[in-house]
Structures are given as C-alpha cells and as structure tokens.
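Chemist: Here you go, one structure.
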Amino acid sequence: MDFLLSGVAACGACLFTNPLEVVKTRMQLQGELRAPGTYTRHYRNVFHAFYTIGRVDGLVALQKGLLPALLYQFGMNGIRLGSYAVVDSSGYIRTPDGRISPLRSTLAGALAGVLGAITSSPIYLVKTHIQAQSATEIAVGHQYQHQGMLHALVMIHKEHGWMGLWRGAISAVPRVMVGSATQLSTFSSSKEFIGQLGIFPKDSWLVALSAGMTSSFAVAISMTPFDVASTRLYNQPVGPQGQPFACGFL
C-alpha cells in the first residue's frame with residue numbers, strides 16, 4: 001500500500017509541476033556544446049521560457065510529455081518512497097531511543113533513490129526527449145521526432161535494443177541518489193524538529209507541509225548540477241551502435 005499511495009501522490013503533484021519540468025528541460029539543454037555568448041538564448045529566464053513556449057508552441061506544449069511524466073513519477077516515487085517507508089516502519093533508520101538517525105536515513109534514502117531511478121529510467125528517457133521537442137525557431141538540444149510515448153519506446157528499442165532504453169541511466173543514479181538522500185533525510189529530521197518546537201498542534205498537516213518545504217529547498221540546491229548533466233546525457237544523439245556523439249556542459 002505504501003508503494004501505491006506514494007506513486008499516486010507523486011502523480012497528483014506532477015499534473016501541476018509538469019509545465020515547470022518542460023521549462024526546466026529546455027533551459028538545461030540551452031547552450032549545449034556552445035561557449036557562452038555564441039548562441040541565441042531563446043529562454044532568458046523561467047518566466048520568459050513560459051511565455052516563449054506558450055507563444056510559439058502553444059499553451060498545450062507546456063504539458064508536453066505528461067503521460068511519461070506521470071508514469072515516471074508513479075514508478076520512481078512509488079518505489080523510492082515506498083521502499084523508504086518500509087525501511088522506516090521496520091525501525092532501521094532510528095536509534096535505540098527512537099530518534100531519527102541522520103546517517104541511516106540518508107543511506108536509506110539514497111538506496112531507495114537508486115532503486116527507483118534504475119527501474120524507471122526508460123520512461124525518464126522518453127519524457128526528456130518529448131519535452132525537448134519544439135518548433136525549430138526555439139529548439140534547443142537534439143530534436144527527436146517521437147509521436148508519443150509508445151512510439152518513442154518502440155523506436156528506441158528498434159534502433160538500439162533493450163539496453164538502449166536504459167541509455168543515460170548511469171547519470172540518473174547520482175541524480176536521484178543525491179536528491180532522494182537529501183529529501184528523505186531532511187524531511188524526516190525537519191518533521192521531527194518542527195514537531196518538537198510545538199509551533200503547530202501535534203500531528204497537524206502543517207508540520208508535514210513545513211518539513212516538505214524545507215526538504216524541497218535543500219533538494220533543489222543539491223540536485224540541480226546532477227539534473228543538468230542527466231538531462232543532457234539522456235537527450236544527446238547517439239550513433240548506430242548506441243555510442244554518444246558528444247555531450248556538452250558549457
């Protein structure tokens with residue numbers, strides 16, 4: 001049940017955050033393999049990116065890749081959060097006196113993240129490809145011609161085999177491992193700390209909300225460098241044998 005509820009909750013959030021994911025993907029691909037100042041900046045900032053995508057590609061484009069994004073969130077977070085919940089309920093991340101162990105919770109979060117990242121990597125690959133697709137005048141990164149999630153999966157498998165579906169998975173491991181370890185450890189610790197302060201009533205949803213906001217801030221800072229590298233590795237073109245042509249981080 002923990003796995004199912006975690007996945008459903010992640011999908012609910014994805015409906016609102018997917019436009020931000022589209023914007024983030026395109027901004028991260030902007031300037032790939034180009035020195036600063038030598039390329040046209042189609043997206044100057046997050047607000048300009050929203051406006052540009054909506055104006056050129058249409059407002060519907062802000063929800064590009066929604067289906068694979070939902071499946072990715074359900075699979076990755078279902079496995080990640082569900083696994084962590086099982087470990088937590090078993091008492092492995094707590095000290096003998098019942099307190100949260102920062103080291104144990106960090107390790108448990110990292111391992112849960114690795115498991116979720118590897119399992120859901122093919123869907124994340126497709127999601128990145130579809131979200132990067134745009135009109136030529138605002139295109140960034142390599143442009144695939146996928147007609148949808150199933151078409152993308154079939155074509156990738158046809159051209160590169162089963163292992164091609166896991167291309168870029170090696171970059172997803174540190175990305176999700178760092179993000180998951182940071183999120184789950186800071187959330188657990190923050191929730192315990194805020195609860196002890198007595199600011200909110202015991203077991204109030206405001207305690208979880210405050211802890212979630214704290215952990216999200218920490219995740220954004222620690223995970224972004226890995227996220228940029230992962231997005232570019234997933235989206236880069238590959239040769240007939242599956243070898244990457246190049247990947248830039250300029």
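Chemist: Counting helices only, and only those DSSP H runs with n ≥ 4, report the 222 nm mean residue ellipticity of the chain as the sum of -39,500 (n - 2.57) divided by its residues, in deg cm²/dmol to the nearest 500.
Modeler: Computed ellipticity for the chain at 222 nm equals -24000 deg cm²/dmol.
Chemist: Mean projection of the alpha-carbon convex hull of the chain over all orientations, in nm²?
Modeler: The Cα convex hull of the chain, projected and averaged over all directions, gives 14.7 nm².
Chemist: Provide, for q = 0.14, 0.16, 0.26, 0.28 Å⁻¹, the log10 of I(q)/I(0) from a solvent-free Debye sum over equal Cα point scatterers in the stretch 21-69.
Modeler: One equal scatterer on each Cα of the stretch 21-69 leads to -0.37, -0.47, -1.00, -1.08.
Chemist: Taking Rh as the Kirkwood radius computed over C-alpha pairs, what is the Stokes-Einstein D of the stretch 120-184 at 4 °C in a medium of viscosity 1.567 mPa s, expressed in µm² per second?
Modeler: Answer from the Stokes-Einstein relation: 99 µm²/s.
Chemist: Points 7 angstrom from Cα along the Cβ direction at ALA139 and ALA13: gap in nanometres?
Modeler: 3.4
Chemist: Tell me which lysines have Cα within less than 29 Å of LYS127's Cα, excluding those fewer than 8 residues away on the same chain?
Modeler: Candidates past the 8-residue exclusion: LYS24, LYS64, LYS158.
Chemist: If you don't mind, another one. Expressed in whole Å with the largest first, what are the equivalent ellipsoid semi-axes of the stretch 4-107 derived from the C-alpha gyration tensor as the square root of 5 times each eigenvalue?
Modeler: 38, 19, 10
Chemist: By a straight-distance test (C-alpha under 21 Å), which lysines pair with LYS202 as possible cross-link partners, with residues fewer than eight away in the same chain excluded?
Modeler: Cα-Cα hits under 21 Å: LYS191.
Chemist: Scan the chain and hand back the longest stretch that contains none of the trypsin sites (Lys or Arg not before Pro) lying in DSSP loops with at most 13 other Cβ atoms within 10 Å.
Modeler: For trypsin sites (Lys or Arg not before Pro) (loop position, at most 13 other Cβ atoms within 10 Å), the longest site-free span of the chain is 100-201.
Chemist: Angle check, please: helix 46-56 long axis (alpha carbons) against the longest principal axis of the chain (alpha carbons), in degrees 0 to 90, nearest 10.
Modeler: That works out to roughly 40 degrees.
Chemist: Run the dipole for the chain about the Cα centre, Lys and Arg Cβ at +1, Asp and Glu Cβ at -1, nothing else charged, and hand back the magnitude in debye, nearest 20.
Modeler: Computed charge dipole of the chain: roughly 320 debye.
Chemist: Mind putting together the pair-distance distribution for the stretch 175-233? All Cα pairs, 10 Å bins, whole percent per bin, short to long.
Modeler: Over the stretch 175-233, the share of Cα pairs per 10 Å bin runs 25, 42, 23, 9, 2 percent.
Read the figures in this text as sums done on the coordinates, not as results from a lab. Computed from a predicted model, the values in this text were never measured in an experiment. So basically every Cβ, Gly included, is an ideal-geometry build from the backbone, and we count neighbours across all protein chains shown.
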